[in-house]
Amino acid sequence: MSAPLLLASTSVYRRELLTRLGLAFDIARPDTDETPQPGEAPAALASRLAVAKAAAVAALHPQAWVIGSDQVAEFDGRPIGKPGGREGALAQLAAMSGREVRFLTGLCIARHGHPPLTALDTTVVRFRPLSPAEIARYVDAEQPYDCAGSFKSEGLGIALFEAIESRDPTALIGLPLIATARLLREAGYALP
């Protein structure tokens, strides 16, 4: 494939994941308003933002294929965001203790003049009952302030769970590589 590949994200997690596919790519910051629309369901929000990010970068780089992705955590039917700091992380994890959270990861691969290729992954995380001391130890050890749901499943956060139900273990980190590889093949990239 001769078309350049761009990742419409500044997330270090997504960049590290995409590197696994062995394709050369560059990073572009999408200029996208991520404000949810009134009444927008979390799955619709994740899908819309993935398309918006890819389309925004594709408009500036019409010769490139652009990967956009967005993840929305859904708890009790509502989106939850990044905690922003220690107190927010403590509160999120306390609320999710012994409960399930759905992580919806929207994916879009777009190129100017081509219909967008899209996918949506749903991962369900079941938290085990957590004591306040366990939550505080975890938050102080890993400081997951930039992660929706206040954990890093690829790190110590795995110890907080009873189970993870997913078709793609990389989706929870921010970029579903199984779907990404499938859509890149559809776009003409040679992958195993």
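Annotations for the structure displayed:
- q = 0.09, 0.10, 0.17, 0.19 Å⁻¹: log10 I(q)/I(0) that the Debye formula gives for the chain, counting C-alpha atoms only: -0.33, -0.41, -1.06, -1.25
- In the range 119-192, trypsin sites (Lys or Arg not before Pro) in a DSSP loop with at most 14 other beta-carbon atoms within 10 Å: R167
- Label-point separation in nm, A136 to L156, each point 7 Å along Cα→Cβ: 1.4 nm
- The range 1-153, accessible area per residue, ligands and nucleic acids excluded (1.4 Å, Å²): 47 Å²
- In terms of overall dimensions, the C-alpha atoms belonging to the range 25-98 reach 47, 27, 19 Å along their principal axes, ordered largest to smallest.
- Cβ-Cβ FRET estimate between R182 and D26, R0 fixed at 22 Å, reported to 0.05: 0.50
- Normalising the average separation of contacting C-alpha pairs (under 8 angstrom, six or more residues apart) by the number of residues puts the relative contact order of the chain at 22 percent.
- Computed over every Cα-Cα pair of the range 82-129 and binned at 10 Å starting from 0, the pair-distance distribution P(r) comes out as 22, 32, 24, 16, 6 percent.
- Relative to the longest principal axis of the Cα atoms of the chain, helix 86-96 runs at roughly 80 degrees.
- Model label points for E34 and R167, set 7 angstrom from Cα along the Cα-to-Cβ axis, are 2.4 nm apart.
- Cα centre as origin, Lys/Arg/Asp/Glu Cβ charges: the chain dipole, Debye: 320 debye
- Relative to the longest principal axis of the Cα atoms of the chain, the long axis of helix 42-60 lies at roughly 40 degrees.
- The percentage of C-alpha pairs in the range 33-143 whose separation is greater than 19 Å is 55%.
- The value of relative contact order for the range 74-157, using C-alpha pairs under 8 Å at least six residues apart, is 39 percent.
- Whole-angstrom Cα spans of the range 115-167 along principal axes, big to small: 49, 22, 14
The values are calculated or read from the model by the stated rules, or taken from the named source; none is laboratory data. Quick caveat, the model's predicted, so the values are computed rather than measured. All Cβ positions, even for glycine, are placed from backbone atoms using ideal geometry, and neighbour counts span all protein chains on display. Only protein heavy atoms, including side chains, enter the accessible area calculation; ligands, DNA and RNA are left aside. Shrake-Rupley method; radii C 1.70, N 1.55, O 1.52, S 1.80 Å.
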